[in-house]
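Undergrad: This is the structure I have questions about; it appears just below.
Rule-based calculations on the coordinates, nothing more; no lab input. Keep in mind that what you see is a predicted model, and the values were worked out from it rather than measured. Cβ placement follows ideal geometry from the backbone for every residue including glycine, while neighbour counts extend to all protein chains displayed.
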Amino acid sequence: MFSTEINNFLNYLSFEKRYSLHTQHFYHQDIIQFVQHLTEENESISINEINYQHIRNWISSLNNQQLSAKSINRKLSSLKSFFKYLMREEVISINPLAKITGPKTPKRLPIFIDEHQMEQLFAHVTFDNDFKGIKDKLILDLLYQTGIRRSELMTLKENDVDLFNSTIKVLGKRKKERFIPISLSLKRNLEAYIQVKHSKQFTNPMLLVNEKGNSLTEQSVYKIVNHYLALITTIKKKSPHVLRHTFATHLLNNGADINSVKDLLGHANLSATQVYTHNTIEKLKKSYKQAHPRGD
């Protein structure tokens, strides 16, 4: 059902929006789930006959499956993009999602690691002085000092590193490039790693490779980060993305301009960056309670 419209939409996501295959997969999955629900509820229905009530029924069924508000909203977002595309292509004349609102999601502050704990990681945790140890330390240093995403880390090429100008070129979401400055300490770690990598005569153009010279996997990066963060913190989540949160929070806590942080993170909108200001406010509240005579 609606296979032509769905395929055309996926082509639009791929060639016009330039979404990753990973993102396209989720859009496709969400739309197919909605179509399957329609098929169960209605033996035959045209795409022009889909209305507000069909959408409400689907949301109700998702609630009955005990899906989280976040998951339901993500599926609704996929469906909204699909029907917005159909409106643009004049496949339909009325958008059944025009007045649909998803369930409210509780605001959760980004999880981050304290500054002194990050200092412990690089000052007191021992990394082996071999290729693996140098590579592992560089992965942690890159994630924390640049705030790049795991996917961006894995797609960094060696020629994206400009040691002369102390910058790295990052290919972010929707193939958008940005340049991030690197500190002297990170520059030295990069130099040391690249030197050892060349001594092993690895020809892989990717910056970060494993001990056999092959490109890293998402799981291998996660395991490295999880292992070392477990040595310095007891927080439940110890993922590469936590280091991205930590990067942004520490910058703002130390007075960085929020627009600069936005550009460094590669956010399209300032609203995505503003979530980190809540952590800054919480820190101020804590300092106030601890320092002011009547702060309790």
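Undergrad: Taking the number of other C-beta atoms within 10 Å as the exposure measure, put F179, F131, F9 in order starting with the fewest.
TA: In order of increasing Cβ crowding within 10 Å: F179, F131, F9.
Undergrad: Among (1) 30.8, 96; (2) 19.0, 62; (3) 23.3, 71, which one is Rg and Dmax of the Cα atoms in Å computed from these coordinates?
TA: (3)
Undergrad: For the residues D114, D257, what sequence is obtained by ranking on other C-beta atoms within 10 Å, fewest first?
TA: Ascending Cβ contact count within 10 Å gives the list D257, D114.
Undergrad: Past the 18 Å Cα-Cα mark, which pairs from K107/K262; K137/K187; K107/K175; K157/K187; K70/K176; K157/K223?
TA: Among K107/K262; K137/K187; K107/K175; K157/K187; K70/K176; K157/K223, the Cα-Cα distance tops 18 Å for K107/K262; K107/K175; K70/K176; K157/K223.
Undergrad: In deg cm²/dmol and to the nearest 500, what is the mean residue ellipticity at 222 nm of the chain if only DSSP H runs of at least 4 residues count, each as -39500 (n - 2.57), divided by the residue total? Display every interim value, and only then the final one.
TA: Values: 12 runs with 165 residues, N = 296.
Here the helix-only value at 222 nm equals -18000 deg cm²/dmol.
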